1. Let me confirm something: among 66, 98, 76, 88, which residue is touching a strand residue (DSSP E or B) at 6+ places or on another chain (Cβ under 9 Å) and surrounded by fewer than 21 Cβ atoms within 10 Å (Cβ to Cβ)?
2. Just one of (1) touching a residue at least 12 places away in the same chain (Cβ under 8 Å); (2) over 19 Å from residue 179 (Cβ atoms) trips up residue 274, so point out which.
3. Select from the range 168-186 the residues that are over 15 Å from residue 136 (Cα atoms) and either in contact with a helix residue (DSSP H, G or I) (Cβ under 8 Å, 6 or more places away or on another chain) or part of a helix (DSSP H, G or I) (or both) and list them in ascending order.
4. Residue pairs, Cβ under 6 Å, 6 or more apart or interchain, first in the range 282-304 and assigned to a loop (DSSP other than H, G, I, E, B), second buried (at least 19 other Cβ atoms within 10 Å of the Cβ). List them.
5. Taking the stated definitions as given, is residue 111 free of Cβ contacts under 8 Å to residues at least 24 places away in the same chain, under 18 Å from residue 122 (Cβ atoms) and not assigned by TED's automatic domain parsing to the domain that holds residue 280?
6. Since residue 266 meets every condition but one in (1) closer than 20 Å to residue 179 by Cα; (2) part of a loop (DSSP other than H, G, I, E, B), which condition does it not meet?
7. Would you check which residues across the range 234-255 are in a helix (DSSP H, G or I) and surrounded by fewer than 18 Cβ atoms within 10 Å (Cβ to Cβ) and list them?
8. Identify, by number, the condition in (1) under 18 Å from the mean Cα position of the chain (by Cα); (2) surrounded by 18 or more Cβ atoms within 10 Å (Cβ to Cβ); (3) touching a residue at least 60 places away in the same chain (Cβ under 8 Å) that residue 186 doesn't meet.
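The values are calculated or read from the model by the stated rules, or taken from the named source; none is laboratory data. All values reported here derive from a predicted model rather than from experimental measurement. When we count neighbours, we look across all protein chains shown, and the Cβ atoms used for this are built from the backbone with ideal geometry, even at glycine.
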C-alpha cells in the first residue's frame, strides 16, 4: 500500500503542472494552506485569521515519524495554494515528495530558514534533530518565515497577516519567558527529563535541563533490553523522581523502565503524559501550540520539584 501511494503521488506530479496552470482551478475558492503536522497547522491558523483555510494532514495524536501518506492526501496537496512541512526528515519519505511539488505549488520547508549552527545533530550522520518546536525561540523564527511567505502569496491580506503575526509572536515571547522561569524552579540536581524518545533535546538545550530519551530522535526504532536496563540504572543512580510517557508512543516502554528501576531498589513515578510530536485534541488545553508547551513545562516542573 505504501508503494502504491508513493506511485500515485509520483504520477500526480505529471498532472500538477496542467492543474496549476488552469486559471479557473482556484477561482472563487479561499486561499488554502495544507501543512503536515498539528503544530504547524495551529500556528498558521493564528497567522491568517479568517482570510485562509488551513488544513493539517496529521491530526492530534498522530506520530509524524510513522505517518504514511494516504490517497486522500493527494487531492488536498494538489489543490493547495501553499504547502508547509517541518522538514529535517520528520515526515520521512514524504519530505522528498513535498520538495518536488515545489515545482508546481509553493512549498515551505519550515526548518530551512533556521541556521545550521542552531540545529542539533542526531545519532545518524548528516541528519539533524527535527523537534525544533520545543524551543519556542526557534519556533518564532519559523513563524516569521511562514508569515512572510503567506504575505507574498496573498498580498491582498498582507496587512492583516502582519498584524496577526505580531500579536502571535508577542504571545510566543511571553511563553518563552514563562518556560524559562518555570524550569528554574527545579533544583539543579533534579533537573533531568527522562522521556519515551529523544524529542526534547532542543527544549533541554535552551531551557537548561538534561534530557534523556529511551529511544532516539525517531520513534521508528526497536528498543533493546540493555537500553531499558541502562536507563533504569541512570534513574536509580541519580535518584530521579519521575519519568514521562508521550502521547504518540505506547506507555508500555515507560512501564518497562519503571519496573526495571524498581528491580534496582529505587521508586520512580510516571509523570503526566507529555506532548512531543503532536498536539492534543482540539478540546484539550494541549490542543494548541501554546497550550502544549505550557502543559509540558507544568507537568515536568510539578513532577520534578
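1. Values: 66 fails: touching a strand residue (DSSP E or B) at 6+ places or on another chain (Cβ under 9 Å); 98 fails: surrounded by fewer than 21 Cβ atoms within 10 Å (Cβ to Cβ); 88 fails: surrounded by fewer than 21 Cβ atoms within 10 Å (Cβ to Cβ).
Going through 66, 98, 76, 88 in turn, just one is touching a strand residue (DSSP E or B) at 6+ places or on another chain (Cβ under 9 Å) and surrounded by fewer than 21 Cβ atoms within 10 Å (Cβ to Cβ): 76.
2. Among (1) touching a residue at least 12 places away in the same chain (Cβ under 8 Å); (2) over 19 Å from residue 179 (Cβ atoms), the lone unmet condition for residue 274 is (2).
3. Step one: list which residues in the range 168-186 are over 15 Å from residue 136 (Cα atoms), which gives 184-186.
185, 186 - these are the residues of the range 168-186 that are over 15 Å from residue 136 (Cα atoms) and either in contact with a helix residue (DSSP H, G or I) (Cβ under 8 Å, 6 or more places away or on another chain) or part of a helix (DSSP H, G or I) (or both).
4. What qualifies is 288/42.
5. Details: free of Cβ contacts under 8 Å to residues at least 24 places away in the same chain: no; under 18 Å from residue 122 (Cβ atoms): yes; not assigned by TED's automatic domain parsing to the domain that holds residue 280: yes.
Answer is no for this residue.
6. All conditions pass for residue 266, except number (1).
7. The answer is 234, 237, 238, 252, 255.
8. It fails just one condition, (1).
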